[in-house]
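Below: the structure, in structure tokens.
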Amino acid sequence: MKYKELKYYFENPDVNRFEAILQSFVKPQFVSRKYNYHSFDYHILRMRDDLCKSFADEKFTLFEVLALLATIYFHDIVYNVTSNTNEEDSALEFKDFIEVNKQLELFIGPTEMSLNDFAVVVEDLIISTKIGTNINENSSRLVKVIHDLDYASFANLERLQDDAEYIRRESGLDEEEFKIRRSEFFKLLAGKTIFFTEQFKIFNEQAQANIKKVLNISSIAEKIIEKLELKPLTIEGGYFNEIYRSETKIVDEGRTAGTSIYYLLKNNQVSSWHKVESDEIWYYHSGCSAKQLLIFEDGSIEERIIGNDILNGEIPQSIIPAGTWQATKLIQHNKYDFGLFGAAVFPCFEYEDFTGATVNKICELFPQHQNVIRDLFV
């Protein structure tokens, strides 16, 4: 068998055609299945890009490259965070795919291996991605490559945190149950070797540091939620506790003068687009700063950063006039992945004064600002 650098194969028309067949089958499956949330890019294309970038100069045989591509495309085709048989089920789907796509023999033939041999190798690689599989220095090269690509996000804290929100949405689990499961998984990895290929071994120390940060950050956020008795704010996102409601009545209004809450965002949670019929003031307390986007009644737009770095343009208070559309997202950094704020509303907040909207709806209302609106949630 001939070994060539990986980058050579992605200039090969036959490899491109082989990949096109994989994609034409797998992508519609991801789009149609409810347990995948807009996730083809996340599960497949990013892993493929990592393969191309990290192993471009590594030498492989044609058979190995085709096997890696098939594994990347099929390893998460069955993905349900509550199931223990995702990998086995994904391997079965690949087996069925091979049965009805015998033309793939044309691509496998030049490797001097049979299509059945190919199917067995790919099925084994898919199953090797199962959590708890004993990957070590003695594992095959292809197993180590797939493993390291599957865990690549552990080398980058921001990417690791972003992935958590994708996975939570796909899982359908509530925030608390997902947090518990994720922490248990991270604790299993703490202190262990994460990467095994030469291309990724250099990130082992960083991966362990990121695991520790996530576990420590999680405990801080959870302790604050418990201490301040916060509960999920389902209409908007995040966690809150109303700590003050004025007893002073406003004449002719039938309501009190004001209310005040603690408000916390974790990870990639957002305060989604909404407006209220009273003036509101946000206060920064601790953790991450937050980017807030406001669209006023005259259609003008303003971006604010709520935080304590005042000399660099952040503001500790954000005053929002009644009827202003608003949305807020954390600016994450390595030390924290939560932000604690206060919000006071005058006159008092009532749920009937709350109007929520999707990103698409806001873009329809303010098409002149749609690029800025969408960028907030990227």
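The values are calculated or read from the model by the stated rules, or taken from the named source; none is laboratory data. Bear in mind that the values here come from a model prediction, so they are computed numbers and not experimental data. Cβ placement follows ideal geometry from the backbone for every residue including glycine, while neighbour counts extend to all protein chains displayed.
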Filtering segment 334-378 for residues that are surrounded by fewer than 20 Cβ atoms within 10 Å (Cβ to Cβ), closer than 30 Å to residue 155 by Cα and under 20 Å from the mean Cα position of the chain (by Cα) leaves a count of 8
Checked against (1) out of contact with any Gly (no Cβ under 9 Å at 6 or more places or on another chain); (2) closer than 15 Å to residue 286 by Cα; (3) surrounded by fewer than 18 Cβ atoms within 10 Å (Cβ to Cβ), residue 239 satisfies every condition except (3)
The condition from (1) assigned to a strand (DSSP E or B); (2) within 20 Å of the chain's Cα centre (by Cα); (3) surrounded by fewer than 15 Cβ atoms within 10 Å (Cβ to Cβ) that residue 286 misses is numbered (2)
Within segment 250-282, the residues that are basic (Lys, Arg) and either more than 19 Å from residue 322 (Cβ to Cβ) or not assigned by TED's automatic domain parsing to the domain that holds residue 322 (or both) are 266
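Across segment 206-241, what is the number of residues that are touching a Lys or Arg at 6+ places or on another chain (Cβ under 9 Å) and of a type outside the set (D, E, K, R)?
Initially, segment 206-241 is screened for residues touching a Lys or Arg at 6+ places or on another chain (Cβ under 9 Å), giving 208, 211, 213-215, 217-218, 221-222, 225, 238-241.
Going one step further and asking which of them are of a type outside the set (D, E, K, R), we end up with 208, 211, 214-215, 217-218, 221, 225, 238-241.
Selection size over segment 206-241: 12.
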Does residue 213 qualify as being more than 30 Å from residue 141 (Cβ to Cβ), in contact with a helix residue (DSSP H, G or I) (Cβ under 8 Å, 6 or more places away or on another chain), among the basic types (Lys, Arg) and part of a helix (DSSP H, G or I)?
yes
Residue 119: passes all of (1) modelled with pLDDT under 90; (2) within 30 Å of residue 4 (Cα to Cα); (3) assigned to a helix (DSSP H, G or I) but (1)
Restricted to segment 168-213 and to residues being hydrophobic (A, V, I, L, M, F, W, C) and closer than 12 Å to residue 155 by Cα, the residue surrounded by the fewest Cβ atoms within 10 Å (Cβ to Cβ) is 202
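Sort out which residues of segment 44-69 are over 21 Å from residue 195 (Cα atoms) and crowded, with 19+ Cβ neighbours inside 10 Å, and write them in order of number.
62, 63, 66, listed by residue number.
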task = Check segment 188-200 and report whether any residue there is touching a residue at least 40 places away in the same chain (Cβ under 8 Å), in a helix (DSSP H, G or I) and either over 18 Å from residue 133 (Cβ atoms) or in contact with a strand residue (DSSP E or B) (Cβ under 9 Å, 6 or more places away or on another chain) (or both).
result = yes
Is it the case that residue 104 is under 28 Å from the mean Cα position of the chain (by Cα), assigned by TED's automatic domain parsing to the domain that holds residue 171, assigned to a helix (DSSP H, G or I) and in contact (Cβ under 8 Å) with a residue 24 or more places away in the chain? no
Filter segment 314-333 for residues that are β-branched (Val, Ile, Thr) and either in contact with a helix residue (DSSP H, G or I) (Cβ under 9 Å, 6 or more places away or on another chain) or surrounded by fewer than 21 Cβ atoms within 10 Å (Cβ to Cβ) (or both); the one that is farthest from residue 236 (Cα to Cα) is 315
The correct count of residues that are charged (D, E, K, R) and outside any strand (DSSP E or B) in segment 289-316 is 4
Exactly one of 171, 183, 140, 153 is out of contact with any helix residue (DSSP H, G or I) (no Cβ under 8 Å at 6 or more places or on another chain) and of a type in the set (S, T, N, Q), and that one is 140
Q: Looking only at segment 239-253, decide whether some residue is more than 30 Å from residue 134 (Cβ to Cβ), in contact (Cβ under 8 Å) with a residue 60 or more places away in the chain and small (Gly, Ala, Ser).
A: yes
